[in-house]
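Visitor: Quick one: the structure is below, and I'll ask about it shortly.
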Amino acid sequence: MDNIRKHADFVKNEDNRDVISLFSGAMGLDIGLEKAGLHVVIGQDFDDSCVKTMQANGHKVLGGDIRDIDPQYLLDMIDLSAGEPFLICGGPPCQPFSTAGKRLGINDPRGSLFMDFIRMIDYIRPRFFVMENVKGIMSAPLKHTPLIERDENDPEQKLGTVLDVILTEFNKLGYKTVYGLLDAVNYGVPQFRERFVLIGSRDNEDIFLPIPTHFHMHQNKEYQWQSVRSAIADLEFDAGECAIFSEERSRFLDMVPEGGNWRDLPPDIIPIAMGGAYQSGGGKVGFYRRLSYDQPAPTVVTSPVQKATMMCHPRQTRPLSVREYARIQQFPDSWIFTGTTAAKYRQIGNAVPVGLAEAIGRAVLSVADGVALVETKRFRGTNIHNKIRNAIELGGTVYAIK
């Protein structure tokens with residue numbers, strides 16, 4: 001198949017806004033894209049609880065390992081041809097890149113699920129694609145593998161990063177790309193959550209990462225960062241399904257004030273509460289962490305009860321409930337999660353916040369519809385306007401175009 005083809009090859013059904021979602025999970029990314037005006041026609045995931053969640057919410061799903069999926073079979077399921085889908089989105093499993101816990105790097109991504117994501121794009125040729133991942137992908141080094149032979153004459157041989165390989169592969173397919181780190185809190189999400197986002201254009205369109213809409217300081221409260229209170233205050237005494245802390249951890253958390261953590265325990269209690277972690281390095285901010293109602297939440301993780309990443313309610317000595325977790329990720333209250341309580345937390349914790357996903361979708365649509373830019377003869381000013389532009393970039397769009 002010719003990987004680099006012209007726009008004229010894809011004129012059939014070019015006005016659709018159909019999206020194919022891969023590695024869909026609980027569909028946080030998909031809900032946001034639909035809120036922006038796109039149409040997710042099918043989801044895909046290997047995890048049985050995720051598949052059942054998608055089905056429970058009325059979505060067409062292709063379950064199973066993406067490595068075994070024929071892209072033509074996927075297209076046949078949605079009655080589209082190669083070149084017709086508007087967008088493919090997905091987040092190939094990212095645990096090897098995570099900056100939480102041990103960072104072991106990754107084997108060559110050419111032997112990973114990233115290549116299956118790329119394989120789907122190569123065959124289906126959507127007008128755009130969106131790939132999201134943890135921020136560690138930007139600096140994760142390549143490791144020597146059978147696919148990358150070590151140069152015995154160069155003991156300091158540098159192989160580059162995982163991102164280098166991914167960008168090279170998309171460049172081979174003829175896609176223009178833009179990428180960077182986005183913090184969900186800057187898009188109306190009541191949570192600090194940095195995600196790597198890569199957007200690609202088949203037709204060399206002027207794609208960009210979404211401009212922040214919410215700020216730490218703003219004269220209009222509507223555009224300030226959203227707080228935990230705004231998301232979950234009404235659920236304080238109606239939490240619903242919820243994990244539990246052990247009796248010992250609850251006893252220590254009772255001593256922690258709202259917005260505090262292990263450092264707020266009595267000095268003589270800290271070594272007992274922390275155990276072996278007391279002598280370890282790092283900030284350990286997640287130990288015995290009680291959230292603050294008046295701040296955005298820290299990054300929602302896959303379990304609220306782990307010792308190093310506790311997510312204790314601001315006022316109650318319990319973890320955030322499943323529904324509170326979902327609220328902070330901006331899932332609708334009507335969204336159904338299936339599986340065990342642990343599986344529900346995991347699905348929510350792995351999701352892309354809906355507000356961030358909606359901003360990404362709006363950015364792509366603005367490019368497709370040609371409405372992203374106000375044309376002027378020049379960008380006025382040297383101080384005032386540049387300060388505004390710099391403030392926007394500091395607000396969460398550190399990106400590069402290739």
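The values are calculated or read from the model by the stated rules, or taken from the named source; none is laboratory data. Computed from a prediction, not measured in an experiment: that's the story for all the values here. Positions of Cβ are generated from backbone atoms using ideal geometry, with glycine treated the same way; all protein chains shown enter the neighbour counts. Side chains are part of the model used for accessible areas, which takes the heavy atoms of the whole protein and leaves out ligands, DNA and RNA. Shrake-Rupley method; radii C 1.70, N 1.55, O 1.52, S 1.80 Å.
Visitor: Please give me the summed charge of the neighbours of residue 305: other residues whose Cβ is under 11 Å from its Cβ, Lys and Arg +1, Asp and Glu -1.
Guide: Details: positive: 249, 307, 318; negative: none.
Value of the local net charge: +3.
Visitor: Leaving out ligands, DNA and RNA, what percent of the accessible area of the range 274-394 is carbon and sulfur, probe 1.4 Å? Intermediate results must be reported in sequence, preceding the final value.
Guide: Values: 3180 of 5920 Å².
Roughly 54 percent, rounded to a whole number.
Visitor: If you take every residue apart from residue 71 with its C-beta less than 13 Å away from the C-beta of residue 71, what net charge results, scoring Lys and Arg +1 and Asp and Glu -1? The partial results should precede the final answer.
Guide: On the way: positive: 67, 119, 125; negative: 68, 70, 76, 84, 116, 122.
Taking every Cβ under 13 Å from that of residue 71, the sum is -3.
Visitor: Under a point spin-label approximation (7 Å from Cα along Cα-to-Cβ), what is the residue 333-residue 15 distance to one decimal in nm?
Guide: 3.8
Visitor: Still on this structure: Provide the per-residue ³J(HN,Hα) series for the range 121-135, in order, calculated from phi with Karplus coefficients 6.51, -1.76, 1.60 and θ = phi - 60°, each as a whole number of Hz, with x at glycine and proline positions.
Guide: 3J(HN,Hα) across the range 121-135, in whole Hz: 5, 4, 7, 7, 6, x, 5, 9, 9, 10, 10, 10, 6, 6, 5.
Visitor: Using per-residue counts of other Cβ atoms within 10 Å, averaged over each peptide, order 176-188, 221-233 from highest down. Intermediate results must be reported in sequence, preceding the final value.
Guide: Details: 176-188: 22.6, 221-233: 16.9.
In descending order of packing, they fall as 176-188, 221-233.
Visitor: Amide H of residue 61 versus every other amide H placed in the peptide plane: which residues, excluding those fewer than 5 positions away on the same chain, fall under 5 Å?
Guide: 43
Visitor: A further question on this structure: How big is the charge dipole of the range 171-280 about its Cα centre, in debye rounded to the nearest 20, if each Lys and Arg gets +1 on its Cβ and each Asp and Glu gets -1 on its Cβ? Intermediate results must be reported in sequence, preceding the final value.
Guide: Working: 10 positive and 16 negative charges, 119 e Å.
Once rounded to the nearest 20, the dipole reads 580 debye.
Visitor: Quick query: amide H of residue 214 versus all other amide H atoms, modeled in the peptide plane; which residues come in under 5 Å with a sequence gap of 5 or more or a different chain?
Guide: Answer set, sorted by chain and number: 187, 188.
Visitor: Between residue 48 and residue 374, what length comes free when the chain is fully extended (0.36 nm per residue of separation minus the Cα-Cα distance, one decimal in nm)?
Guide: Net length gain for the segment: 112.8 nm.
Visitor: Same structure again: Output wanted: per-residue J couplings in Hz (rounded whole) for the range 304-317, from phi through Karplus 6.51 cos²θ - 1.76 cosθ + 1.60, θ = phi - 60°, x for Gly and Pro.
Guide: Using θ = phi - 60°, the values come out as x, 10, 5, 4, 8, 9, 5, 10, 7, 4, x, 10, 9, 8 Hz.
Visitor: Right, here's the next one. Calculate, for residue 217 and residue 194, the FRET efficiency according to 1/(1 + (r/R0)^6) with r their C-beta to C-beta distance and R0 22 Å; round to the nearest 0.05. Can you show the working numbers first?
Guide: Details: r = 20 Å, r/R0 = 0.90.
Efficiency, rounded to the nearest 0.05: 0.65.
Visitor: Using the Karplus curve 6.51 cos²θ - 1.76 cosθ + 1.60 with θ = phi - 60°, work out ³J(HN,Hα) for each residue of the range 331-336 in order, rounded to whole Hz, and write x for Gly and Pro.
Guide: Listing the rounded values in order: 5, x, 4, 7, 5, 9 Hz.
Visitor: Treat each spin label as a single point 7 Å out from the Cα along the C-beta direction, and report the residue 244 to residue 402 distance in nm.
Guide: Inter-label distance under the simple model: 5.1 nm.
Visitor: Something else: Amide H to amide H under 5 Å from residue 299: which residues, 5+ apart in sequence or cross-chain, H placed 1.01 Å off N in plane?
Guide: Amide H neighbours of residue 299: 192.
Visitor: Measure out, as a whole number of angstrom, how far apart the alpha-carbon centroids of the range 166-180 and the range 24-57 sit.
Guide: The range 166-180 and the range 24-57 have Cα centres spaced 25 Å from each other.
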